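Novice: To start, I am sharing the structure in question, which I have written as structure tokens.
The values are calculated or read from the model by the stated rules, or taken from the named source; none is laboratory data. Keep in mind that what you see is a predicted model, and the values were worked out from it rather than measured. Here Cβ is always computed from backbone atoms with ideal geometry, including for glycine, and neighbour counts include all displayed protein chains.
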Amino acid sequence: MTDRSRRAFATSLLALAAAAISPRSPGQTAPSATLPPDQAAPPLRFGVTPVILDEQVGFLGRWADWLGTRLQRRVILVQRARYREIMDLLLGGRLELAWICGYPYVQHQDRLELLVVPVWHGQPLYRSEIIVADDSDLHSLADLGGRLFAWADPDSNSGWLYPRFALARAGEDPDGFFRRTFFTWGHPRSVLAVSEGLADGAAVDSYVRETLIQHTPSLAGALRLVHRSPLFGFPPLVAGPAMNRRDRDRTREVLVAQAEDGEGRALLADLNLDGFTVEGPALFADIAAMAAQLGREPAT
Amino acid sequence: MSRALASYRVRLPLSLSVTAILTAALMALALGLQTLQNLRQDQIRDAQRLGHAMAALMVEALRHDDVWLAYSLLRGPDRRDAEIVWVAADERGRVLASNQPRRFRLDEPVGEAFPWLAERAAPNGVQGTVLEPGGDAARRLLRIPLYSEGTRVGELLALLSDAPFLARFREILLGGSLVTAAVLALLLPLGWLWGRRMVTPLVALADCLGRVGRDEVHALDCPIVTGDDEIGQLGWRFTEMLDALAEKAALERRVIQTERLAAVGRVAAGVAHEINNPLGGIVMAIDTYRTRPERMDVQTRDLLDLLERALCQIQGTVSALLVEARADNRSLVAADIDDVRTLVQPRLTRCGTPLTWHNAFSAPTSLPAAPVRQLLLNLLLNALEAAREGGWVSVEVGAADGALRLEVRNRGRPLTAERLAHAFEPYPGPRAAGPGFGLWVCYQIASQLGGEIALDAEGPMTCARVRLPLKPSVTNG
């Protein structure tokens, strides 16, 4: 028994004892929507990848609490440094659901089910963007040849798959085009790497870049876009093999309805999202096509 | 050195000020250098601690070629305030990461940025080596080698400089300067004041000393400060010296006067003897000649009378010079003193001058009566003479300290300083022989009785004081 589950067990015992000693008075009936998460039921484990703003632990915790209240289940956030780890946990049944990128989704489409896709600027779409420092003399993707370049993660569409696809389409060898590349394991870090001069360029998620600029307006002047991809399906929330149908439906229902709830809307505003929508796998066909064209990239 | 600077009045406060400023400056310098040394040591220690804390993860980053891990380690929480420039290099000396990524680019050789790095052999110790490139202590390089299971995988370089201290140093300097200025603002006026206080008596002493010899000692009037310190003792000594000088001068004056009077006395006595002998012969011859009246006609007799009177006058004048206190006289008694009063009574009655008489002397003495009577009489007559115009005369006689004291005062005609200086010299003035020799006779008597006589005058007051020892050693001469 781990430390955490031992504490959870003790907490639920205490809660039971308290309920037995002081029976609820007749007037104190709480509506089901605000019932505390059922401590006895197995918690929902929610994986969060560094693709999004995974460094805002406090905010994500509030979101998980809100979800737990709505689902009447405890929601545990699980964060890992790499995409790959979240994917392994999800596919291995140790996470019920996760917010992942479109690229790993299309790779493991057969074992995953789309729950919802975030809506940003009115549509469930985003781009990959190549950014450079504003004071640099770089003006196109081609200018970055022989320079330092930061990848986000080998399981990221915007930070790995698309830029490599774009280079290949332009007739360049994605592995030999740059002098040196490295992984930052997260889009926010790629933004930092470019703004602080560690890398000459980086491929980042347009949603992450804009959201970062909202939080830190000074970044806007430090960065310049030299390339924008076409629109792709927004990184979706997917259910793994461990999540049963009932939970999937219930979760989908709650998330889609989040924009209609006051507290939920506030959380969405913090996330810089409009809401969640239900989409089919077709939304990620472009990504699947690029992945098929480049072949399965070996992870470094 | 100019004359103004040579004076202690300037040099003492100046030395105090210079000492204060010099002390403050040296203190500030010493403190500053010590602080700098401490700050440098602290910086090295901090860098070592930080470097060793990062070492394990940095080894990990090097082994996995994880640029971001290395960068996030070196970057710290806030890159902008970084005081130390960190560079992580792989085993081939190429940059993996730095907290100044624009300056130290990924994969570039570290040696390009630190040309002098190659001068030293790669360090072996795990504690890290501190280098001072070019011997310049302001720049320091800490090299921490990184090992993974005994294999050297890279190196952590920390470039340290004094730049982060400069702001703090400026603050220290500014604060120190302000405090020093405040202390000096207090000390300098105090120093000047103290210096002046110390030096002013010295200057006065020097001024006064310069006047000794030029001016009369009693006219110097020096404002000498006396006290327990060295300058005060100098003042004491100087005052004593001035007193001794004044005493010596007075003594010299007295000696000179005494010698002069003695010389005059000898000359007078010699002349008197030389005149008296032939004079006696002439008078005797005239007497013998007058024993034969038949030889003389009226004219001759008148001539002889004339000669005899003239010769007697000469004899009287000369004998007045020859004062001799004869020891064969009877001793002085109190009545002798009162006799003098009786003798002048007719004259007192005539001119109506008030006389105060106080005779406290009673016992018989070894002093001869006649000279003392003559002495007192002469003094009294002089005083009456001087007091004629509405003055008064007082006489006091008494015995004290084994001596007879006579004191005759009068208020009347003032004595001139010139007259006072030569009071006891034979002075045949415009008047007849007797009074002109009065004080001369007094002096001679007093001297011969082994006593002293002095004459003081202040305005209309004149005072003659005589002191005669009661067991006198009478000297004839």
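Novice: If you scan the stretch B:380-402, which residues turn out to be surrounded by 15 or more Cβ atoms within 10 Å (Cβ to Cβ), in contact with an Asp or Glu (Cβ under 9 Å, 6 or more places away or on another chain) and not hydroxyl-bearing (S, T, Y)?
Specialist: Listed by number, the residues that qualify are B:V395, B:E396, B:V397.
Novice: Check whether at least one residue in the stretch A:146-153 is free of Cβ contacts under 8 Å to residues at least 60 places away in the same chain and either more than 14 Å from chain B (Cβ to nearest Cβ) or in a loop (DSSP other than H, G, I, E, B) (or both), and report yes or no. Please lay out each step first, then the result.
Specialist: Pass one, the stretch A:146-153, residues free of Cβ contacts under 8 Å to residues at least 60 places away in the same chain: A:146-151.
Next, from what is left, pick out any that are either more than 14 Å from chain B (Cβ to nearest Cβ) or in a loop (DSSP other than H, G, I, E, B) (or both): A:146-147.
Yes, the stretch A:146-153 has at least one match.
Novice: Are any residues in the stretch B:29-84 more than 13 Å from chain A (Cβ to nearest Cβ), among the acidic types (D, E) and surrounded by 14 or more Cβ atoms within 10 Å (Cβ to Cβ), and if so, which ones?
Specialist: B:D46
Novice: Just name the residue that is nearest to A:A202 (Cα to Cα) out of those in the stretch A:108-129 that are part of a strand (DSSP E or B) and of a type in the set (A, V, I, L, M, F, W, C). Before the answer, list the steps.
Specialist: Residues of the stretch A:108-129 that are part of a strand (DSSP E or B), as a first pass: A:113-120, A:123, A:125-126, A:128-129.
Keeping just the survivors that are of a type in the set (A, V, I, L, M, F, W, C) gives A:114-117, A:119-120, A:125.
Numbers: A:L114: 29, A:L115: 30, A:V116: 28, A:V117: 25, A:V119: 24, A:W120: 22, A:L125: 20 Å.
For the stretch A:108-129, the residue satisfying everything is A:L125.
Novice: Still on this structure: Filter the stretch A:168-188 for residues that are without any contact (Cβ under 8 Å) to a residue 60 or more places away in the chain and under 30 Å from A:V119 (Cβ atoms); which is farthest from the other protein chains (Cβ to nearest Cβ)?
Specialist: A:R169
Novice: Name the residues in the stretch A:68-87 that are part of a helix (DSSP H, G or I) and either touching a residue at least 60 places away in the same chain (Cβ under 8 Å) or within 15 Å of the chain's Cα centre (by Cα) (or both), would you?
Specialist: Initially, the stretch A:68-87 is screened for residues part of a helix (DSSP H, G or I), giving A:68-71, A:83-87.
Answer for the stretch A:68-87, where residues must be part of a helix (DSSP H, G or I) and either touching a residue at least 60 places away in the same chain (Cβ under 8 Å) or within 15 Å of the chain's Cα centre (by Cα) (or both): A:R70, A:L71, A:Y83, A:R84, A:E85, A:I86, A:M87.
Novice: Scan the stretch A:118-137 and tell me whether some residue there is out of contact with any helix residue (DSSP H, G or I) (no Cβ under 6 Å at 6 or more places or on another chain), closer than 25 Å to A:V278 by Cα and of a type in the set (G, A, S).
Specialist: Yes, some residue in the stretch A:118-137 is out of contact with any helix residue (DSSP H, G or I) (no Cβ under 6 Å at 6 or more places or on another chain), closer than 25 Å to A:V278 by Cα and of a type in the set (G, A, S).
Novice: Cβ-Cβ below 9 Å, separation at least six or inter-chain, first residue in the stretch B:446-468 and more than 14 Å from B:L367 (Cβ to Cβ), second of a type in the set (F, W, Y) and buried (at least 17 other Cβ atoms within 10 Å of the Cβ): which pairs?
Specialist: Taking only residues 6 or more apart or on different chains, the pairs are B:I453/B:F424; B:I453/B:Y443; B:L455/B:F424.
Novice: Of the numbered conditions (1) away from chain B (no Cβ under 14 Å); (2) free of Cβ contacts under 8 Å to residues at least 60 places away in the same chain; (3) acidic (D, E), A:D205 fails exactly one; give the number of that condition.
Specialist: Unmet for A:D205, out of (1) away from chain B (no Cβ under 14 Å); (2) free of Cβ contacts under 8 Å to residues at least 60 places away in the same chain; (3) acidic (D, E): (2).
Novice: Okay, moving on. Looking at (1) among the hydrophobic types (A, V, I, L, M, F, W, C); (2) over 13 Å from the mean Cα position of the chain (by Cα); (3) crowded, with 16+ Cβ neighbours inside 10 Å, find the lone condition where A:F59 falls short.
Specialist: (3)
Novice: If you scan the stretch B:217-235, which residues turn out to be more than 14 Å from B:A206 (Cα to Cα) and without any contact (Cβ under 8 Å) to a residue 24 or more places away in the chain? Give the derivation first.
Specialist: Narrowing the stretch B:217-235 to residues more than 14 Å from B:A206 (Cα to Cα): B:217-219, B:226-230, B:233.
Once the filter is applied, which keeps residues that are more than 14 Å from B:A206 (Cα to Cα) and without any contact (Cβ under 8 Å) to a residue 24 or more places away in the chain, the stretch B:217-235 yields B:A219, B:T226, B:G227, B:D228, B:D229, B:E230, B:Q233.
Novice: Would it be correct to say that A:L91 is closer than 27 Å to A:V204 by Cα, surrounded by 16 or more Cβ atoms within 10 Å (Cβ to Cβ) and out of contact with any helix residue (DSSP H, G or I) (no Cβ under 8 Å at 6 or more places or on another chain)? So that I can check it myself, show each step before the final result.
Specialist: Values: closer than 27 Å to A:V204 by Cα: yes; surrounded by 16 or more Cβ atoms within 10 Å (Cβ to Cβ): yes; out of contact with any helix residue (DSSP H, G or I) (no Cβ under 8 Å at 6 or more places or on another chain): yes.
Considered against the rule, which asks whether it is closer than 27 Å to A:V204 by Cα, surrounded by 16 or more Cβ atoms within 10 Å (Cβ to Cβ) and out of contact with any helix residue (DSSP H, G or I) (no Cβ under 8 Å at 6 or more places or on another chain), A:L91 comes out as yes.
Novice: While we're looking at this one, here's another question. Quick one: in the stretch B:162-184, of everything that is more than 28 Å from B:T19 (Cα to Cα) and out of contact with any strand residue (DSSP E or B) (no Cβ under 9 Å at 6 or more places or on another chain), which residue is surrounded by the most Cβ atoms within 10 Å (Cβ to Cβ)? Let's see the steps before the verdict.
Specialist: Step one: of the stretch B:162-184, the residues more than 28 Å from B:T19 (Cα to Cα) are B:162-167.
Adding the requirement that they be out of contact with any strand residue (DSSP E or B) (no Cβ under 9 Å at 6 or more places or on another chain) leaves B:163-167.
Numbers: B:A163: 10, B:P164: 15, B:F165: 18, B:L166: 10, B:A167: 9.
Once the filter is applied, the top-ranked residue is B:F165.
Novice: Taking the stretch A:94-107 as the region of interest, how many residues are touching a helix residue (DSSP H, G or I) at 6+ places or on another chain (Cβ under 6 Å) and in a loop (DSSP other than H, G, I, E, B)?
Specialist: Count: 2.
Novice: May I pose another question? Among (1) more than 11 Å from chain B (Cβ to nearest Cβ); (2) without any contact (Cβ under 8 Å) to a residue 40 or more places away in the chain; (3) in a helix (DSSP H, G or I), there is one condition A:L192 misses while meeting the rest; what is its number?
Specialist: Unmet for A:L192, out of (1) more than 11 Å from chain B (Cβ to nearest Cβ); (2) without any contact (Cβ under 8 Å) to a residue 40 or more places away in the chain; (3) in a helix (DSSP H, G or I): (1).
Novice: Given the criteria within 14 Å of chain A (Cβ to nearest Cβ), modelled with pLDDT under 85 and exposed (fewer than 14 other Cβ atoms within 10 Å of the Cβ), does B:R102 qualify?
Specialist: Details: within 14 Å of chain A (Cβ to nearest Cβ): yes; modelled with pLDDT under 85: no; exposed (fewer than 14 other Cβ atoms within 10 Å of the Cβ): yes.
Taking the combined requirement at face value, the residue does not satisfy it.
Novice: So, of the residues in the stretch A:164-182 that are crowded, with 20+ Cβ neighbours inside 10 Å and in contact with a Gly (Cβ under 9 Å, 6 or more places away or on another chain), which turns out to be farthest from A:D134 (Cα to Cα)?
Specialist: Checking each candidate, the answer is A:F177.
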